[in-house]
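Visitor: Shown below is the structure under consideration.
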Amino acid sequence: MKKAISIILVCFMIFGLAACGNGGNEPAEQGTIKIAVIDAFTGDKAVNGQYSKEGIELALAEINEKGVLGRQVELIYEDGQGKETETTNAYQKVISEHELDAVILDKYSSDVLAVEQFVKENGLPTFCQGSSIKIEASDTSNLYSTRRSDAGAGGSVVAFIKEQGLKKVAILHSPDALGQSMGQVVVDGLTKAGIEVVSDQQFANEDQNFTNYIAKVLASGCDCFVAIAQTTHSAQIMIAAQEAGLSQGENAITCIGNSAFVQQSSIQNALEASNNWYACTAFSPTISMEPTASWIKKYNDTYGRLPDMTSACMYDSLKMLANAMETAGTTDPAKVNEALHAMTDYRGVVASYGYQGTPMLSKAEYVCHIEDQKSIVLQIVYAE
Amino acid sequence: MLYLQMAITGISMGMLYALMAMGLTLIVKAVGVLNFAHGQLFMLGAYLTWMLTYSLNLPLWGVIVCGIIVFAICGAAYMFSVYWPLRNSSWKVTVTISTLGASIALKEFVQIVWGTIPLTMKPIVNGVFHFGTVYLNYQYIFIILIGGGLMALVYILFEKTFLGKVMQATAQDRYCAELIGIPTIVSIMATYMISMVLSGTGGWLAGPLFLVSSSLGSLAQKAFAGMVLGGFGDVKGAIVGCLLIGMIESFGLIITDAYKDAIVFAVLIIVLVVRPTGIFGEKISEKA
């Protein structure tokens, strides 16, 4: 009798455990697909968070029309303020509070690098919009960026300077991961090409006044000025350069910026001071190729303004994640990562994307020139 | 010539810091509280003048008159919301913490009201002065003139007028001031109002140069440094300290770009090691 009861109990335990096992998996494959979005929604960089939100909400609306694997996608916003500490806290909070299927991070490489180890540990497919060389060199196989690396963008800047036949270059860059890494790539590339770097300055994050930096650029006798900064500073640099007659007027020289310089938020603030600047960028709101042009129109119709690079990158991030989940037929992180690694040619609004062995998925970027406060695409640079 | 440009921008930046530091010092003297939201009051000044100029389309004189009135009202409102309810708290740091909270609240408030995109403001005096490789926005010279004028007005107010003497009396000993019939609440409120007018004007002057954004408040770091360098609690010291900070910051760029702020704070530390009470420290102790 005891033996029979024991067998029955063991059977109950086995079935019970099996049921628990199913119960543990099934809810994860039911209900909404939860994706955390961490960006600067408050603080000094909140303008980027606003553009990000607009872009990703546009993608969300399109995705939820049909759903992904028959389920709706739910975005969970968390504010990282565009700062490393706050982004880390936001990441830890959102990971512990929700059963997430994926994460999308902001465009600040420093923030992405701050949470990289946690991204690696939890294995969730994680998109970011950072472009640091350190992100490119990362061995975190579940981390993806919608951008080319600063090495690529820096290389494009060097190639453009060579093409223009410029001889003396002055550089001003930000102190963050973007400025440090891209600045170094430009300096190394120019030195290698035999072009003299007559001034290499780094400004501080808190700087508001660029007059003296530009005065030093002017005094250096350069024929080309390269500025690398985030959108928070790019307009101020363009205004200071215009006042000095560096970018416009009789003695104007070639002024080149990174992607921040052709973004809507920068042009809106710099106004006519933005004219005559060149920039290497992942995205320009004047791209006339499809499907980008239609998307820009849709964005403009929806929000009444042109998109920023971050809007387009965020849009592509969510669309790629949804596509990978459909391809994998599941939201299981490992399978979604496999699908993303197998992706060779996904056409987004920013560029064509494909996994090339590093987190950087974008295959192209643009060289633009600002005319009448509009960035005009001059050429497309494809990843080698 | 580069040095001339650096000197003028240095003095100009020093003036902006000084406008903030003067307000800070007046509050410290009046109620003994270090106002950590002072940078945000400066920022608020820039947003309010932007609103008066571009939303209400007021002419320059209208912006100046209405600006002063609005700043004064904001100063009083700030005092009654951040300082007054907590003034008798048993833990003296409470009001200081309250100002920290106010700094965050003000930063978020302007983003809710005016959005996250920085706002563009035309210079009050348009144009750029070019001489050889030297170039200077006229706004920098305007800042020096207005800043200097405001400093003179504050001096006259405190040294030559009855209201100034009443405010000084309240600052020196509030209990005695009350005993001789001075309405200290009015006196403290006037201090906050003047402090906000000074900072708000600074914001108005800085907005066209650096864009009107929530990051304008970060300039307060240098104002704090200038105030400590000049001698904590001394208006004259705050002005001299801030002008020095502006010049060091400007000329520090000749030595290093990446660490120019480090030079500013290294000088501050050295001065404090040599003279712990700041440049005008002796005068403060004499007064005490």
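The values are calculated or read from the model by the stated rules, or taken from the named source; none is laboratory data. These numbers were taken from a predicted model, which means no experiment stands behind them. Every residue, glycine among them, receives a Cβ derived from its backbone with ideal geometry; neighbour counts consider all protein chains shown.
Visitor: For segment B:151-164, indicate whether the set of residues that are of a type in the set (S, T, N, Q) and more than 18 Å from the chain's Cα centre (by Cα) is non-empty. Outline the logic, then answer.
Guide: As a first pass, look at segment B:151-164 and keep what is of a type in the set (S, T, N, Q): B:161.
With more than 18 Å from the chain's Cα centre (by Cα) added as a condition, the list becomes B:161.
Scanning segment B:151-164, I find at least one residue that is of a type in the set (S, T, N, Q) and more than 18 Å from the chain's Cα centre (by Cα), so the answer is yes.
Visitor: Let me ask you something else. Name the pairs whose Cβ atoms lie under 6 Å apart, with the first residue in segment A:203-228 and assigned by TED's automatic domain parsing to the domain that holds A:VAL187 and surrounded by fewer than 24 Cβ atoms within 10 Å (Cβ to Cβ), the second charged (D, E, K, R) and at pLDDT below 90, and 6 or more positions between them or separate chains?
Guide: Sorted first by the residue in segment A:203-228, then by its partner, the pairs are A:ALA204/B:ASP261.
Visitor: State the number of residues belonging to segment B:127-170 that are within 11 Å of chain A (Cβ to nearest Cβ) and assigned to a loop (DSSP other than H, G, I, E, B).
Guide: 3
Visitor: Could you tell me whether segment A:240-252 includes any residue that is in contact with a Leu (Cβ under 7 Å, 6 or more places away or on another chain) and more than 11 Å from every other protein chain (Cβ to nearest Cβ)? Break it down stepwise before answering.
Guide: First, the residues of segment A:240-252 that are in contact with a Leu (Cβ under 7 Å, 6 or more places away or on another chain): A:244, A:246, A:252.
Applying the additional criterion that residues be more than 11 Å from every other protein chain (Cβ to nearest Cβ) yields A:252.
Yes, segment A:240-252 contains at least one residue that is in contact with a Leu (Cβ under 7 Å, 6 or more places away or on another chain) and more than 11 Å from every other protein chain (Cβ to nearest Cβ).
Okay, residues lined up against (1) touching a residue at least 12 places away in the same chain (Cβ under 8 Å); (2) in contact with a Leu (Cβ under 7 Å, 6 or more places away or on another chain); (3) within 13 Å of A:ILE287 (Cα to Cα); (4) in a loop (DSSP other than H, G, I, E, B):
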position: A:LYS335; (1), (2), (3), (4): no, no, no, no
position: A:GLU338; (1), (2), (3), (4): no, no, no, no
position: A:THR344; (1), (2), (3), (4): no, no, no, yes
position: A:VAL350; (1), (2), (3), (4): yes, no, yes, yes
position: A:TYR355; (1), (2), (3), (4): yes, yes, no, yes
position: A:THR358; (1), (2), (3), (4): yes, no, no, yes
position: A:GLU365; (1), (2), (3), (4): yes, no, yes, no
position: A:HIS369; (1), (2), (3), (4): yes, yes, yes, no
position: A:SER375; (1), (2), (3), (4): yes, no, yes, no
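Visitor: Every residue in segment A:188-216 that is away from chain B (no Cβ under 14 Å) and in a helix (DSSP H, G or I), please.
Guide: Within segment A:188-216, A:ASP188, A:GLY189, A:LEU190, A:THR191, A:LYS192 meet the criteria.
Visitor: Quick check: is even one residue across segment B:265-281 more than 13 Å from chain A (Cβ to nearest Cβ), at pLDDT below 90 and touching a Lys or Arg at 6+ places or on another chain (Cβ under 8 Å)?
Guide: Yes: one or more hits.
Visitor: Follow-up question, since we're still on this one. Collect the residues in segment A:266-287 that are away from every other protein chain (no Cβ under 14 Å), closer than 10 Å to A:ILE370 by Cβ and small (Gly, Ala, Ser), keeping them in residue-number order.
Guide: Result: A:ALA279, A:SER284.
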